[in-house]
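The next block holds one structure in the form of structure tokens; read it before the comments.
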């Protein structure tokens, strides 16, 4: 059980303390400044006091534990203080005017969860807003068993928000898994089974060793039913996880290879600098972020959105420049182009390295792409990945639109299918090449933008995509967006399926070998443009 | 007398596009057969299938009433004596004219082969250019060089895909003369061409293809008179 | 072509032959070092390629240490000149450049390499030329060449104490372990030793899992899912022992935090994690994760303050493209290495590698870490202190635990 | 004078640049063998350059002549290198009795038993060439049969090499993982430090290079060479003239792979280490870059390109470390744009070439 180690001590302290242990703030504060073991004592004392603490005391516990976690607590020669922008306050009395000397005590690995639990419990009791209390309850849900049951009873009594009250009662019930009252135990089992994750499974499966499992058929039935139900849900959430992970990997692959596919389809040119265009895109996004930090700090969180047009235009511009100066002169020699673009990639990487440095760029993580949400059981949707998936879907839609519905797209398709004929009917094929190269590069830049919340951004980042994105392009076949999409989805999902079975290295090896074998069977990929070979 | 090339129920598809649709056709030894028709009628595809470059979906192609060409490799087809000049002049540009023809002759280096190569070069009028790189030749010369490469092996079936495209009138006439000279009783010649005057000069019979099917078969004169042929291809 | 001119031909041929032979006979481009009262030290740290961000700064640290020694009068009457290079994260190139430095530039000692494989590449070179390579990284151990000075700690004296701490009541009483590493020798070797160690402690094999990812792997979604599942399985507290390297470190940490796992749920012990790996990450959510080195920036003591001040000043002066306010263990190890070499050279009164090597025994130096580090005549290992760091809000590490003294380095592991 | 009538040898001497470069290599060979003033360090450099040149010649044979670009020649190079590594380790144990490092870090008791036979050099040589041949044959046969060509082939070979790299990084694959093999003590019974070893290896490398140059030259100017060029220029045409291009391509592909393995075999003892780095996609691209810079489709060009680029790399990484990547990138772009036939054309260059580049340069194979 996850918290067993930490909580054994805690429960022991709770049991030892008399229920009416009054809170001696000064003593707790002093103990918190007494090294790791002192901090453990302080936390335990605060937990023990909570069920009977006054609202004021509970508030103080919340403030004090928060100060320890946020490292605004100062331990010095004198009494402990809490530092704040408006001036230090005495830690025990919270009265201002205390001298702010000393250093923040370091929370050890063991004490950190203790203090976090204390803070959440105190906030649940005395938090001023329902939102805060709800947040605290969420934090406590996984640790409910470690707290005195009276705490939840008290919190439920005091709770004014009816929905929250229900939740508090629920969490309180779940905490009573080992209660002597069989009815409460059964309720706890049901309650725990309602959040069907692995931890719940571990918790309930452990009850099979309980004497009651052999003696009480009702208990046994409840445990078995709960285990069965959780296992079913877990299977579902595992499947969802695999699907989501595959989709997320596929969206990255698609973003990284869409531009490449268009350029390859049109000009038969493999652009080895594609990865570097991705890198440029990420760097431009960074520049936009810094510009917004300077110009409109209030809107900083939205830099990712604001950067979209800038990134596209700048990378497209770089792409057009590369096309005009190098690629078009090598039109008849695709393999030489491959080497020339390799040189371009070398040049770009080193220019960036010399001009900006080799460190990872520092991105602000806007709230909308930070963290994730547990949907069901263990299935978690992380926002940064979802952002990439949505971004890829939108890019796909726009690319499709550009290719199918705009004059440029029409020209690109015409030249892709029959360059000579397109030239004959008056399409300026060289101009189309240039625009398409720019478009493809712009897409690569957007990939860089979508990747900066997921991967590290540094001059080397582009090289990670080279082999993968080429494989997607050649697997998909020339000249069809659909091929690229399907190839990306296939590679992404297969990779994710194999990974847990044989490991990440083997997954990569197996997928690459599968693609190589597939190409032997269909040398021109999934969606070959069929036609005369000569 | 056996039939040189017998095509039966041939269908070729590229994706959803049906280039040849249930086509049947027989080409005899000793004849010059012109295959004409509008763009996309399936002329080049037909040659592709006979020479093994493209594969049929259904149907069969028999050479000399014994060899099933749809299941034979390009190289084996060529070695059996079915040779073809491509629509776009296809010569080995980085090699000399002589090397090109030598390769066409199958690499034999005996005296007879050398004589044959020299004679072929003479026939196509490239003897003086023998040591030049093929890539340096003019367009018309490339056309002849390719014909020389194909002819030097003395094929039993000779297929010429647009042999006079892009040639001057004078060059076209010389090509026509060449084709007539190549016509022997033991050889079938298939010509795909858009130049109707040229076709009229050389062809014994014409086959008009339209949308992958035979629209007409007979003499050029009758083809000119056929309303459907005029409609879809020749124009009024 | 057929009418070729014999004379032109002979001339071209003779010319080409002469041109090809010339470099063989040319005098060395870089003249021998000791003539002008200077002694050269060679650096083998990449400033381009995958290792650039980490290794690049070590070139500057070596320069800074040399400057310090020169300011104090140099060594044996000579001033130190630091020769830098760029092996471009290309392993064979480390060997080539090392060979060139020893044979042509005549450097008195080499300072270099980060990854084990680059050290292994240079190893035959220093052995054949009987040179000295000061290696500033902690590594997998099980190597003991007389030509390499292992300035940092082998696992037995750094990783095992850290793991011990995690398993103790002071730590988190870790019972189970998820080992995640890049797929190469260092992580595999470390994990093998850990497994051997745990077996001696009576921990069952079901208590750990081991996964490896390719170099530069970045898609950690599935693996973090696996860690979450393993953490929730029964058996006690889980700790992740992270031995991925390079860009995989920040990518893993980001995914780990995004899936909502905090250090109080599952702590990560990042054995190769340094401040530079946290650049660009939101460390709010990573607070409490651990690393373990022989130096941390927060180390107490005057020596450290001095070092940090000098580094900041040196970065300002040389415009080095690195942060003036970040110091990582390999920097200090490189700094220590230059000083140790200078002390040994002084003691030996010579720059000859064999003489310098004889002088190692009994050296000791006040390392910025606050420990007095030392060498014995027994081997070329340096005894260092051990720190466990804990990620803080400002992309740095706080000292969570540090060893009493400097444990004696154990080159060869007894655990496998 | 008719080309057909002249002897093969006479025609082999037609290309002045080829003869000049081959003679130059031969001269260096003599110097390396006999000139007393040559330091071990220089000899080692020359030997390494010769290995790279040999590798470039191997690639030029298939890319320059047959128009098939392989971005995976590092694989065959690595096969040679690893077999050399295994041989040297076994031999070192046999000579010195010292347990090599790899046993230690792989956690073995001794070197794997199946390496034993490789202690004999002829066996090792046969193994290196044999494995390279078999791998090349299988991969080539499957790929050429299904007519994978052009850019597709380049990408697939790159992926194959990448797969090999991933596998070799793993310790469990059993070849030393990322560290690879190192700590070779002796070669042919002689300790590595002894004078003359560096020189001997350099001589062997240069001799192999000269042999490969002459051999490839004879191969390419004969009928086989003409057919290769014909395959490159127009494969479908050649097939329709009765030639099984599969066999042609397969033959030259296997020869090229074996040559690359020889280069690797010679390379490992000179660098003293072999590890998966030689399998990285970058190195394989660089080999093509050497050919392109020197002049593709001409054996002399491959030699000049490989020697020039690597000599520059060696000296610049140590002396002007910041400059090297820019020099390399600049060289490639310069060659791509201005000297489409490589630096060999530098004498023939006229400013007008820029506008009409592509007249008669080596073409890529028809897709």
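The values are calculated or read from the model by the stated rules, or taken from the named source; none is laboratory data. Note that the structure is predicted; figures quoted are calculated from it, not measured. Using ideal geometry, Cβ is built from the backbone for each residue, glycine included, and neighbour counts are taken over all protein chains shown.
Here is a check on your reading of the model: is residue C:95 part of a helix (DSSP H, G or I), touching a helix residue (DSSP H, G or I) at 6+ places or on another chain (Cβ under 9 Å), surrounded by 23 or more Cβ atoms within 10 Å (Cβ to Cβ) and in contact (Cβ under 8 Å) with a residue 60 or more places away in the chain? Can you show your working first?
Working: part of a helix (DSSP H, G or I): yes; touching a helix residue (DSSP H, G or I) at 6+ places or on another chain (Cβ under 9 Å): yes; surrounded by 23 or more Cβ atoms within 10 Å (Cβ to Cβ): yes; in contact (Cβ under 8 Å) with a residue 60 or more places away in the chain: no.
No; evaluated as a whole, the condition is false for this residue.
Residues considered: A:373, A:329. Of these, the only one that is at pLDDT below 90, part of a helix (DSSP H, G or I) and either away from chain D (no Cβ under 14 Å) or surrounded by fewer than 24 Cβ atoms within 10 Å (Cβ to Cβ) (or both) is A:329.
Please go through segment A:332-343 and pick out each residue that is at the interface with chain D (Cβ under 7 Å from one of its Cβ atoms) and part of a helix (DSSP H, G or I). So that I can check it myself, show each step before the final result.
Let us first name the residues in segment A:332-343 that are at the interface with chain D (Cβ under 7 Å from one of its Cβ atoms), namely A:332-336, A:338-340, A:342-343.
A:334, A:335, A:336, A:338, A:339, A:340, A:342, A:343, listed by residue number.
Counting the residues of segment A:160-193 that are farther than 22 Å from residue A:217 by Cβ, modelled with pLDDT of 85 or more and either surrounded by 22 or more Cβ atoms within 10 Å (Cβ to Cβ) or outside the structural domain of residue A:146 (by TED's automatic domain parsing) (or both) gives 1. With the condition kept exactly as written, say whether any residue in segment A:441-452 is closer than 25 Å to residue A:384 by Cα and either within 13 Å of another protein chain (Cβ to nearest Cβ) or modelled with pLDDT under 90 (or both). The answer is yes; a qualifying residue exists.
Being away from every other protein chain (no Cβ under 11 Å) and over 30 Å from residue B:62 (Cβ atoms) is the filter here, so list the residues in segment B:98-122 that pass it. Across segment B:98-122, the qualifying residues are B:110, B:111, B:112, B:115, B:119, B:121, B:122.
Of everything in segment D:243-277 that is surrounded by 24 or more Cβ atoms within 10 Å (Cβ to Cβ) and not in a helix (DSSP H, G or I), the residue that is farthest from the other protein chains (Cβ to nearest Cβ) is D:274.
For segment C:398-407, filtered to residues that are in contact with a helix residue (DSSP H, G or I) (Cβ under 7 Å, 6 or more places away or on another chain) and modelled with pLDDT of 85 or more, the residue that is nearest to the other protein chains (Cβ to nearest Cβ) is C:401.
Take segment C:98-121 and flag every residue that is facing chain D (nearest Cβ under 9 Å), under 16 Å from residue D:193 (Cβ atoms) and surrounded by 23 or more Cβ atoms within 10 Å (Cβ to Cβ). C:99, C:102 - these are the residues of segment C:98-121 that are facing chain D (nearest Cβ under 9 Å), under 16 Å from residue D:193 (Cβ atoms) and surrounded by 23 or more Cβ atoms within 10 Å (Cβ to Cβ). Restricting attention to segment B:37-46, the residues that are within 14 Å of the chain's Cα centre (by Cα) and over 19 Å from residue B:9 (Cα atoms) total 0.
Enumerate the helices (runs of 4 or more DSSP H) found wholly within segment D:66-169, keeping only those where 3 or more residues are under 30 Å from residue D:229 (Cβ atoms) and within 11 Å of another protein chain (Cβ to nearest Cβ).
Qualifying helices (runs of 4 or more DSSP H): D:121-145, D:150-169.
Tell me, which residue of segment A:344-370 that is in contact with a helix residue (DSSP H, G or I) (Cβ under 7 Å, 6 or more places away or on another chain) and outside any helix (DSSP H, G or I) is farthest from the other protein chains (Cβ to nearest Cβ)? The qualifying residue farthest from the other protein chains (Cβ to nearest Cβ) is A:366. From A:441, A:456, grab the single residue that is part of a helix (DSSP H, G or I) and touching a residue at least 60 places away in the same chain (Cβ under 8 Å). After ruling out the rest, the residue left standing is A:441.
Residues in segment C:158-212 that are within 17 Å of residue C:141 (Cα to Cα), more than 9 Å from every other protein chain (Cβ to nearest Cβ) and part of a loop (DSSP other than H, G, I, E, B): 1 in all.
When C:178, C:220 are checked against the criterion of being surrounded by fewer than 23 Cβ atoms within 10 Å (Cβ to Cβ), within 29 Å of residue A:451 (Cα to Cα), in the same structural domain as residue C:276 (by TED's automatic domain parsing) and touching a strand residue (DSSP E or B) at 6+ places or on another chain (Cβ under 9 Å), a single residue qualifies: C:178.
Has segment C:298-309 got any residue that is more than 10 Å from every other protein chain (Cβ to nearest Cβ), modelled with pLDDT of 90 or more, touching a helix residue (DSSP H, G or I) at 6+ places or on another chain (Cβ under 8 Å) and farther than 27 Å from residue C:49 by Cβ? Among the residues of segment C:298-309, at least one is more than 10 Å from every other protein chain (Cβ to nearest Cβ), modelled with pLDDT of 90 or more, touching a helix residue (DSSP H, G or I) at 6+ places or on another chain (Cβ under 8 Å) and farther than 27 Å from residue C:49 by Cβ, which makes the answer yes. Determine, yes or no, whether residue C:344 is surrounded by 19 or more Cβ atoms within 10 Å (Cβ to Cβ), under 24 Å from residue C:161 (Cα atoms) and out of contact with any strand residue (DSSP E or B) (no Cβ under 6 Å at 6 or more places or on another chain). It is false that residue C:344 is surrounded by 19 or more Cβ atoms within 10 Å (Cβ to Cβ), under 24 Å from residue C:161 (Cα atoms) and out of contact with any strand residue (DSSP E or B) (no Cβ under 6 Å at 6 or more places or on another chain).
Among the residues that make up segment B:59-69, is at least one of them within 28 Å of residue D:228 (Cβ to Cβ) and touching a residue at least 12 places away in the same chain (Cβ under 8 Å)? Quick ask: steps written out before the conclusion?
Going through segment B:59-69, the residues within 28 Å of residue D:228 (Cβ to Cβ) turn out to be B:69.
Okay, now just the ones that are also touching a residue at least 12 places away in the same chain (Cβ under 8 Å), so B:69.
Yes: one or more hits.
Counting only helices (runs of 4 or more DSSP H) that fall entirely inside segment D:1-63 and contain at least 2 residues that are at pLDDT below 90 and within 21 Å of residue D:290 (Cα to Cα), the qualifying elements are D:16-34.
Any residue that is within 14 Å of chain C (Cβ to nearest Cβ), in contact with a strand residue (DSSP E or B) (Cβ under 6 Å, 6 or more places away or on another chain), surrounded by 15 or more Cβ atoms within 10 Å (Cβ to Cβ) and not in a helix (DSSP H, G or I) - is there at least one of those in segment A:105-118?
Of all residues in segment A:105-118, those within 14 Å of chain C (Cβ to nearest Cβ) come to A:105-118.
Okay, now just the ones that are also in contact with a strand residue (DSSP E or B) (Cβ under 6 Å, 6 or more places away or on another chain), so A:105-106.
Narrowing further to those that are surrounded by 15 or more Cβ atoms within 10 Å (Cβ to Cβ): A:105-106.
Now restrict to residues that are not in a helix (DSSP H, G or I): A:105-106.
Yes, because at least one residue in segment A:105-118 is within 14 Å of chain C (Cβ to nearest Cβ), in contact with a strand residue (DSSP E or B) (Cβ under 6 Å, 6 or more places away or on another chain), surrounded by 15 or more Cβ atoms within 10 Å (Cβ to Cβ) and not in a helix (DSSP H, G or I).
Return a yes/no flag: does segment A:256-277 have any residue that is over 22 Å from the mean Cα position of the chain (by Cα), farther than 30 Å from residue A:184 by Cβ, surrounded by fewer than 24 Cβ atoms within 10 Å (Cβ to Cβ) and touching a residue at least 12 places away in the same chain (Cβ under 8 Å). Yes: segment A:256-277 contains one or more residues that are over 22 Å from the mean Cα position of the chain (by Cα), farther than 30 Å from residue A:184 by Cβ, surrounded by fewer than 24 Cβ atoms within 10 Å (Cβ to Cβ) and touching a residue at least 12 places away in the same chain (Cβ under 8 Å).
Look at residue D:228 and say whether it is within 14 Å of chain B (Cβ to nearest Cβ), in contact (Cβ under 8 Å) with a residue 60 or more places away in the chain and buried (at least 19 other Cβ atoms within 10 Å of the Cβ). Yes; evaluated as a whole, the condition is true for this residue.
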